[in-house]
1. Looking at segment 30-42, can you tell me whether even one residue there is polar (S, T, N, Q) and open to solvent by less than 50 Å² (accessible area, probe 1.4 Å)?
2. I'd like the full set of residues that are among the hydrophobic types (A, V, I, L, M, F, W, C) and exposed (fewer than 10 other Cβ atoms within 10 Å of the Cβ), limited to segment 7-25.
3. Return yes or no: is residue 57 within 30 Å of residue 1 (Cβ to Cβ) and modelled with pLDDT of 85 or more?
4. Would it be correct to say that residue 108 is touching a strand residue (DSSP E or B) at 6+ places or on another chain (Cβ under 6 Å), modelled with pLDDT under 90 and open to solvent by less than 100 Å² (accessible area, probe 1.4 Å)?
Amino acid sequence: MHYAIRDAQGNIVSLHREPVPGGEPVPPQHPEVLAFLGTDEQRSFAQMDADLVRVLEDLIDALIRRNVLRITDLPTEAQAKLFDRKHFREGMQGHALSLYGGGQSALTSSGQVAPPDAGDAAGTDWADLMP
């Protein structure tokens, strides 16, 4: 159950998971709730959060590759979650075309296939970066 606060015209202006003063209970599948949470033109908070998580993962990768951060600097629980997500993403991208290296063949400026660069940090697993 959600709790909605409405404006003077009766439109939902705020939606809460817990009861709030002035909030009326509305079911999660109510059309007004679904419209408030997002339409085709609006992105939901869940999608924005997922996008932000991806940005943070990429940021952590970049900081580790540049030796600004070591994976061991993070709490053990955070390391485990990052490893799990990284390996899951790698598994999902197993058949995807890699345009930026990552231990796979890439295209040169002339359009030829170049062999993977052994020193390419993009293909380095975090476990390889641990002291």
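1. The answer is no, given that none of the residues of segment 30-42 is polar (S, T, N, Q) and open to solvent by less than 50 Å² (accessible area, probe 1.4 Å).
2. Across segment 7-25, the qualifying residue is only 8.
3. So residue 57 fails the test.
4. Taking the combined requirement at face value, the residue satisfies it.
The values are calculated or read from the model by the stated rules, or taken from the named source; none is laboratory data. Not measured: the values here are computed from a predicted model. Here the Cβ is made from the backbone with ideal geometry for all residues, glycine too, and neighbour counts use every protein chain on show. For the accessible areas, the whole protein counts, side chains as well, though only heavy atoms, and no ligand, DNA or RNA atoms are used. Shrake-Rupley method; radii C 1.70, N 1.55, O 1.52, S 1.80 Å.
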